[in-house]
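Undergrad: Before we start, here is the structure in question, set down as C-alpha cells.
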Amino acid sequence: MGDFILDTGASNSCIGFSSVERFIMLTEESQVKAAGAGAINMRTHVANDNNFTVGKKVTRKMSFVIFDLSHVNEALLQVEEEPVQGILGADYLKVNAAIIDYGRNVLYLK
C-alpha cells in the first residue's frame, strides 16, 4: 500500500526511487529525463509489467517511471501534508476512463 498524488497534468504515472523496494519492483535505467513539479533533467528508470490496485480495480502490466520524488515530498511537507510514494498520471486515468468528482473528492474508474 502507498499514498499517491492524482495528477491530471502528469503524462506518466511515477514511483519514487525510495519506494521501489517497498513495492517490490524490477527497474531498468532509462535514457529519458523527467521534468515537472519544479525540477528538470532528473534521471529516471522504468518499471514495466506491474500489478496496481486502486480500491477493487486491478490494472495488470502497468508501467511506471521511477524518479526522485524528494522535491515533491518537500513541497508537501511545507504545506503540512504527508509524503507520497508516487503519482498517478494521465496514462492511468485515460486507460481507466477516470472521472474525477471534485465536489465529493471521488475518483471513478471504468
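Quick note: the coordinates plus some simple rules give every number you see, no bench work behind them. All values reported here derive from a predicted model rather than from experimental measurement. Don't worry about glycine lacking a Cβ; one is built from the backbone with ideal geometry, like all the others, and counts go over all protein chains shown.
Undergrad: Calculate the FRET efficiency for Lys61 and Glu81 from the Cβ-Cβ distance with a Förster distance of 30 Å, rounded to the nearest 0.05. Could the numbers behind the result be given before it?
TA: Values: r = 31 Å, r/R0 = 1.03.
Given R0 = 30 Å and the Cβ-Cβ separation, E is 0.45.
Undergrad: Okay, next question. With 10 angstrom as the radius, rank Ser13, Ser19, Ser30 by how many other C-beta atoms surround their C-beta, starting from the fewest. Intermediate results must be reported in sequence, preceding the final value.
TA: Working: Ser13 23, Ser19 19, Ser30 15.
Starting with the residue having the fewest Cβ neighbours, the order is Ser30, Ser19, Ser13.
Undergrad: When the helix-only estimate is applied to the chain (DSSP H runs of n ≥ 4, each -39,500 (n - 2.57), divided by the residue count), what is the mean residue ellipticity at 222 nm, nearest 500 deg cm²/dmol?
TA: Helix contribution divided over all residues of the chain: -3500 deg cm²/dmol.
Undergrad: So between Thr53 and Ser30, what do we pick up on full extension, going 0.36 nm a residue minus the alpha carbon distance?
TA: On the way: separation 23, 0.36 × 23 = 8.28 nm, distance 2.46 nm.
Stretched out fully, the Thr53 to Ser30 stretch lengthens by 5.8 nm.
Undergrad: Consider just the alpha-carbon atoms of the chain and return their Rg together with their Dmax, both in angstrom.
TA: According to the Cα coordinates of the chain, Rg and Dmax are 13.7, 40 Å.
Undergrad: Moving on. Could you derive backbone 3J(HN,Hα) for the stretch 75-92 from the dihedral phi with the Karplus parameters 6.51, -1.76 and 1.60 (θ = phi - 60°), listing whole Hz in sequence and x where the residue is Gly or Pro?
TA: Coupling constants for the stretch 75-92: 5, 5, 5, 5, 10, 6, 10, 6, x, 10, 9, x, 10, 8, x, 4, 4, 5 Hz.
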